[in-house]
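Engineer: Quick one: the structure is below, and I'll ask about it shortly.
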Amino acid sequence: MDGEILRDPTRRFVLQSGAAVGGGLLLSFTMSSEGQAAGDTKVNAYVRIASDGKVTIASKVPEVGQGIKTALPMLIAEELDVDWSAVTVEQAIADTKIYGRQVAGGSMATTLEYDGLRRVGATVRALLIAAAAARWNVPADSLKTEPGFVVDAAGKRRASYGELAQAAAALTPPDPKSLTLKDPKAFRIIGKSHKSQNLDAIVTGQPTYGIDVRLPGMLFAAFAKAPVYGAKVASVDLALAKAVKGVRDAFIIEGGTNLQGLLPGVAVVADSWWAARKGREALQIQWAEHPTASQSTVGFAAKAAELAAAPPHRNLHNDGDVEAALKGAAKTVSAAYSYPFIAHAALEPQNCTAHVKDGKVEIWAPTQNPESGRALVARALNVDPSAITIHLIRGGGGFGRRLMNDYMVEAAAIAAKVNAPVQLIWTREDDMQHDFYRPGGWHNLTAGLDAKGGLTAWKNHFITFGEGETFNTAAAMNATQFPCRAVANYRHDVSVMPLGFPTGFLRAPGNNAFGFVIQSFTDELALAAGKDPVAFRRELLGEPRLLGEPGKGDSFHTGRMRGVLDLVAEMSGWGRKVPKGTGLGVACHYSHLGYVAVVMQVTVKDGAVKVDKVWAAADVGRQIVNPSGADQQMQGSILDAIGSTLYQSITFENGAATNSNFGDFPLLRMADAPPVEVRYKLSDNNPTGLGEPAYPPAPAALCNAIFAATGKRIRSLPIGDQLA
């Protein structure tokens, strides 16, 4: 159990049951959250059973391709004891008073919901058994269930859930924590592969995503914002847009200065999205001057070099005496690493549909974080948050981008000026040039080795973005990243520079870059020590033990990491001979409560990199809920990371992004995607999420493989033409 987030498994659960519309059982499952006053409860999930035995389960967390709309209902269905084929899943509406936390981010849904949602199903099952016991006048403990039925021990009597639903709805639910959950050996749904909900609709092109929403009388909108973030409209001739056929109106949105909120711009509303876009293109907007126009990629690099040569602004962590250890080291190694800003580049551009009428706001949005959007809209429109209804619509990829809700507040602000529902759709250029970017960063590392090649000291001067002691969003680094606490002398310093661009959380925030730096430099140390890269990591991990405090998110269990490292070495045949120009690279990293190790095999020929195959091993606890979904998240994370490592960089000139589309911000193409073999190392820890932990080790594994193949060390991303 070491290294977990500790949660109170006996926190109080309360249930409410009643008749469903049209007959059957509607059960609301509520629990009092830690820190709440007694009686202050919120519904966490619900189950609806129709008279024909069909079961509908609400999925509370937004679905953006991570498969949670399948995985969470599986937990309920397992303990309810129904056939998965009898289950229909509905996306819940956004309402924390009913459902509690509704966020698709941080790979936390499985972590937070695994036990509670199983108890939802177990409680419904207990009510159905109690209803059958009352009908047959027998003790409840003499009955059992088979999928969709309550049966007696002798098998002579059986009643379907549909038959019992009305009677069950009238009963007082038991205390969920008093119920015994299934032994995992008895699982029929959990641990078995199930295809994603709505998969058939997705692959056949049926309307599924936010961009597909259609409402009676709906209009379409385009919104122009300044290339320089936050700049106001100095002047614009709206008549040019209004003259375009199909355009209904064009107007200025004043906006504000908060880069995470409603920014100034010009809206064009039309009968079709194409007309709205053409109207926007007809506009001739003069933007006001803005101080961010002085910032650029070239300027950031120059400032980073200046800061690297100066004393750090401050120290964030210091163990032992690094300087003394470096002076006494048999060998020292220094290297400078850097990585660029990158965009999320979700395939579905940002969009939202909004209708404002009679003081009420109704929203249909592919958001990962609806409540922050509700707050933005409430402030912008000066309405009470309770007057806002948010329908959660499947998003065509998120990767953290849809945690920010600028597109939602824009749609609402535009709809507030139009007497009709309005759908705002960004262009690909909007999406690329107005992202909340993964911030770039620079690391200046020095380490010391003893005569036996053991690590004795580690120092990192991290240069990032912020002012004073405040970091820009997603620009901070956890100062206790491994190998902190595994080496006696460890120092983490930081210097910052100001930034006027919006930054945000991209898949495995921070770790998506730090894994590249830490694990690439670890490979350099292995080389300097004259040791095999896997063997060096094994020595560094040492004996199985917990580094840090139990229950803290930054605690790190060396045994769990050693387990996945050994497994991936076995999977890949680590140490085998490979042809000239081919290399194997390894990396391992801990993030989002998951331990992942990756080996890549690459071939480099004439300066071109081909990833031949990837092996990945993960430890995310004792249970994989949906193996096919888990594999997809592991594979998707790694392929995502390969694409960003090879190609991706957002560059800025005069305060604006220069990239505009996939032509200058390429994604990994199908023809270049290698096979990714995945295995899981089960451990006696609560299950945790898989949307993010596989990303961080992948860039380093790729770059370390390139070094093994060519002798060329990649210290700056993207790889681009560095091997030409």
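The values are calculated or read from the model by the stated rules, or taken from the named source; none is laboratory data. From a predicted model like this one, the values you see are computed outputs, not experimental measurements. Ideal geometry is used to build each Cβ from the backbone, glycine not excepted, and the neighbour counts take in all protein chains shown.
Engineer: Against the condition assigned by TED's automatic domain parsing to the domain that holds Asn704 and either among the small types (Gly, Ala, Ser) or closer than 29 Å to Ala104 by Cα (or both), how does Gln601 come out, does it pass? Explain how you work it out, then say what you get.
Structural biologist: On the way: assigned by TED's automatic domain parsing to the domain that holds Asn704: yes; either among the small types (Gly, Ala, Ser) or closer than 29 Å to Ala104 by Cα (or both): no.
Here the answer is no, as Gln601 does not meet what is asked.
Engineer: Could you grab the pairs with beta carbons closer than 9 Å, sequence gap of 6+ or different chains, first residue in region 201-221 and without any contact (Cβ under 8 Å) to a residue 12 or more places away in the chain and closer than 21 Å to Gln350 by Cβ, second one surrounded by 14 or more Cβ atoms within 10 Å (Cβ to Cβ) and among the aromatic types (Phe, Trp, Tyr)?
Structural biologist: Qualifying pairs under 9 Å: Ile202/Tyr209.
Engineer: Moving on to the next point. How many residues are part of a strand (DSSP E or B) and in contact (Cβ under 8 Å) with a residue 40 or more places away in the chain if we restrict to region 59-101? Step through it out loud before you land on a result.
Structural biologist: Here is the first cut: in region 59-101, the ones part of a strand (DSSP E or B) are 59, 87-91, 94.
After this cut, where a residue has to be in contact (Cβ under 8 Å) with a residue 40 or more places away in the chain as well, the list is 59, 89, 91, 94.
Number satisfying all stated conditions: 4.
Engineer: Mind listing whichever residues of region 536-555 are touching a strand residue (DSSP E or B) at 6+ places or on another chain (Cβ under 9 Å) and modelled with pLDDT of 95 or more?
Structural biologist: Phe536, Arg537, Glu539, Leu540, Leu541, Pro544, Arg545, Leu546, Leu547
Engineer: Going by the conditions given, is Ala411 in contact with a Lys or Arg (Cβ under 9 Å, 6 or more places away or on another chain) and within 29 Å of Pro227 (Cβ to Cβ)?
Structural biologist: Taking the combined requirement at face value, the residue does not satisfy it.
Engineer: Working only within region 450-469, note down all residues that are acidic (Asp, Glu) and part of a loop (DSSP other than H, G, I, E, B). Let's see the steps before the verdict.
Structural biologist: Going residue by residue through region 450-469, those that are acidic (Asp, Glu) are 450, 467, 469.
Asp450, Glu469, listed by residue number.
Engineer: Return the pair list, or none, for Cβ contacts closer than 6 Å from residues in region 485-504 that are within 29 Å of Ala447 (Cβ to Cβ) and small (Gly, Ala, Ser) to residues that are at pLDDT 95 or above and assigned to a strand (DSSP E or B), at least 6 apart or on different chains.
Structural biologist: Note: pairs meeting the criteria are Ser495/Ile463.
Engineer: Condition first: in contact with a strand residue (DSSP E or B) (Cβ under 6 Å, 6 or more places away or on another chain) and either under 14 Å from Gly441 (Cα atoms) or outside the structural domain of Ala698 (by TED's automatic domain parsing) (or both). Now tell me which residues in region 466-484 satisfy that.
Structural biologist: Those that are in contact with a strand residue (DSSP E or B) (Cβ under 6 Å, 6 or more places away or on another chain) and either under 14 Å from Gly441 (Cα atoms) or outside the structural domain of Ala698 (by TED's automatic domain parsing) (or both): Gly466, Asn472, Thr473, Ala474, Ala475, Met477.
Engineer: Additional query: Given Arg379, Arg374, which one is in contact (Cβ under 8 Å) with a residue 24 or more places away in the chain, buried (at least 19 other Cβ atoms within 10 Å of the Cβ) and either more than 26 Å from the chain's Cα centre (by Cα) or assigned by TED's automatic domain parsing to the domain that holds Gly255 (or both)? Reasoning before the result, please.
Structural biologist: Details: Arg379 fails: buried (at least 19 other Cβ atoms within 10 Å of the Cβ).
So the residue among Arg379, Arg374 that is in contact (Cβ under 8 Å) with a residue 24 or more places away in the chain, buried (at least 19 other Cβ atoms within 10 Å of the Cβ) and either more than 26 Å from the chain's Cα centre (by Cα) or assigned by TED's automatic domain parsing to the domain that holds Gly255 (or both) is Arg374.
Engineer: Determine which member of the set Val266, Val361, Val333 is in contact with an Asp or Glu (Cβ under 8 Å, 6 or more places away or on another chain) and either under 30 Å from Leu525 (Cα atoms) or outside any helix (DSSP H, G or I) (or both).
Structural biologist: Values: Val266 fails: in contact with an Asp or Glu (Cβ under 8 Å, 6 or more places away or on another chain); Val361 fails: in contact with an Asp or Glu (Cβ under 8 Å, 6 or more places away or on another chain).
Sole residue among the options that is in contact with an Asp or Glu (Cβ under 8 Å, 6 or more places away or on another chain) and either under 30 Å from Leu525 (Cα atoms) or outside any helix (DSSP H, G or I) (or both): Val333.
Engineer: Another question about this same structure. Check Trp273 against each of (1) touching a residue at least 24 places away in the same chain (Cβ under 8 Å); (2) in the same structural domain as Pro370 (by TED's automatic domain parsing); (3) surrounded by fewer than 18 Cβ atoms within 10 Å (Cβ to Cβ) and name the one condition it does not meet.
Structural biologist: (3)
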